[in-house]
Amino acid sequence: MKFKALLFDKDGTLLEFHNMWLNVSRSACEQIKNYSDANRGHQTVTIVELLSAIGVEGNIVHNHGLLASNPVEDTALAWFEMLQPDVSLEAFTRVTKAAFNDQVEDNPDWIAALPGITEKLGSLKQQGMILGIATADTKDSTLYTLAQSGLSDLFDYIGYSDGDIEPKPAPALLNAFCQQCGIEPHEVIMFGDTVSDMEFGHNAGAKKVGVLTGTALRSELEPIADLVIPSVAHFDAHAFNELI
């Protein structure tokens with residue numbers, strides 16, 4: 001085969017995105033608003049405005065918004081600039097990350113692998129594929145959600161954004177995957193549900209497969225993806241090998 005390794009975004013690609021992250025973001029936002037109010041932040045800023053700033057409008061999560069594509073540090077910065085509480089950005093970011101992590105760990109029922117994902121990953125593993133994760137989520141949340149969904153043991157590499165590596169779409173996570181597993185970027189296929197995921201694969205020199213189980217539309221993914229499929233469960237490794 002022309003490729004040896006498959007690297008996956010997590011939420012919206014392997015795990016259900018909308019139910020979990022809409023609930024997590026709303027609850028975390030309320031916690032942060034209360035924290036800001038207690039520290040003399042701007043009380044006129046509303047929950048709706050804070051959610052809108054990270055790309056959440058009602059029950060819609062925008063593909064290019066911070067919640068869909070960026071690490072929580074970016075959410076913390078956006079909210080800090082809006083609320084301007086009497087604390088340091090470092091302290092505010094720490095509290096914001098904790099709020100998101102706590103909401104995930106306190107609500108395991110919100111976590112679920114997408115249909116057919118467990119079986120498909122197992123099959124790809126049996127075919128000899130090297131499997132990895134590259135997510136904008138934090139370390140604690142990433143490890144917890146993978147464990148809760150029963151997927152942890154399938155991966156040779158788990159990469160996350162926790163302030164210690166340049167996040168997607170910079171190529172750092174894919175380069176780390178290659179270094180750890182002894183492969184080259186051109187031997188990797190990146191799977192993701194956002195334009196940022198596709199840009200990430202492009203920037204690293206990997207092939208890109210977009211999936212429609214998350215926040216982006218086919219029309220948004222097709223201009224940059226090598227292939228767009230309904231879900232990871234529909235991926236045919238042999239057919240893709242022929243395509244490229």
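The values are calculated or read from the model by the stated rules, or taken from the named source; none is laboratory data. Since the structure is predicted, the reported quantities are computational estimates derived from the model, not experimental observations. No Cβ is skipped: glycine too gets one built from the backbone with ideal geometry, and neighbour counts run over all protein chains shown. To get the accessible areas, we keep the full protein, side chains included, count just its heavy atoms, and leave off ligands, DNA and RNA. Shrake-Rupley method; radii C 1.70, N 1.55, O 1.52, S 1.80 Å.
Only one of the values (1) 14.4; (2) 13.2; (3) 12.1 was calculated from this structure for mean projected area of the Cα convex hull in nm²; name its label.
(3)
Could you check the simple spin-label distance between Asn19 and Thr44, using points 7 Å along Cα→Cβ, in nm with one decimal?
Once both label points are built, they end up 4.0 nm from each other.
Could you name the lysines whose alpha carbon sits less than 29 Å from that of Lys139, not counting residues in the same chain fewer than 8 places away?
Counting by Cα, and skipping residues close in sequence, Lys139 has these lysines nearby: Lys4, Lys10, Lys33, Lys97, Lys120, Lys125, Lys168, Lys207, Lys208.
Hey, with R₀ at 35 Å, roughly what FRET efficiency would Gln126 and Asp102 work out to, going by the Cβ-Cβ distance, to 0.05?
FRET efficiency, Gln126 to Asp102: 0.45.
Which whole-number value in Å³ per residue fits the convex hull of the alpha carbons of segment 18-109?
Hull volume over Cα atoms, normalised by residue count, gives 79 Å³.
Measuring with a 1.4 Å probe in the full set of protein chains, what accessible area per residue, in whole Å², belongs to segment 121-244?
Value returned for segment 121-244: 41 Å² of accessible area per residue.
Take the Cα of Asp164, step 7 Å along the line toward its Cβ, and report every residue of segment 108-142 whose backbone nitrogen sits under 18 Å from that point.
Answer for this model: 133-142.
With each run of n ≥ 4 DSSP H residues scored as -39500 (n - 2.57), what mean residue ellipticity at 222 nm is computed for the chain after dividing by its residue count and rounding to the nearest 500 deg cm²/dmol?
Counting only the DSSP helices, I get -13500 deg cm²/dmol.
Cα axis of helix 89-106 to longest principal axis of the chain: angle in degrees, 0 to 90, nearest 10?
Helix 89-106 sits at roughly 60 degrees to that axis.
Roughly how tilted is helix 117-126, in degrees to the nearest 10 and between 0 and 90, from the longest Cα axis of the chain?
In the chain, helix 117-126 runs at an angle near 40 degrees to the longest axis.
How much solvent-accessible surface does Asp109 expose, in Å² to the nearest 10, with a 1.4 Å probe and all protein chains in place?
Asp109 has an accessible surface of roughly 140 Å² with all protein chains in place.
Note down the relative contact order for segment 101-222 as a percent, whole number, built from C-alpha pairs under 8 angstrom at least six residues apart.
Reported relative contact order: 19 percent.
Of the DSSP beta bridges with both residues in the chain, give the percent that are antiparallel, rounding to the nearest 5.
About 15 percent, rounded to the nearest 5.
Taking all protein chains in place and a 1.4 Å probe, what share, in percent, of the accessible surface of segment 18-109 do carbon and sulfur account for?
About 48 percent, which is the carbon plus sulfur part of the accessible surface.
Against the longest alpha carbon principal axis of the chain, how many degrees, from 0 to 90 and to the nearest 10, is the axis of helix 139-148 turned?
Orientation of helix 139-148: about 60 degrees from the principal axis.
For segment 18-109, with every protein chain kept in place, what is the accessible area per residue (1.4 Å probe, Å²)?
Solvent-accessible surface per residue comes out at 47 Å².
Using 19 Å as the cut-off for backbone N distance, which residues of segment 178-214 belong to the label zone defined by a point 7 Å from the Cα of Lys4 along Cα→Cβ?
Counting backbone N atoms under 19 Å from the label point, the list is 178-191, 204-208.
Carbon and sulfur: what percent of segment 129-244's accessible surface (1.4 Å probe)?
Percent of accessible area from carbon and sulfur atoms in segment 129-244: 47.
Quick one: compute the contact order of the chain, relative version, from alpha carbon pairs under 8 angstrom and 6+ residues apart, as a percent.
Once divided by the residue count of the chain, the mean separation gives 25 percent.
So which trypsin sites (Lys or Arg not before Pro) in segment 110-205 are both in a DSSP loop and have at most 11 other Cβ atoms within 10 Å of their Cβ?
Those that pass, being in a loop and sparsely packed, number zero.
So, with +1 on the Cβ of K and R and -1 on the Cβ of D and E, and no other charges, what is the size of the charge dipole of the chain about its Cα centre, to the nearest 20 debye?
With Lys and Arg at +1 and Asp and Glu at -1, about 340 debye.
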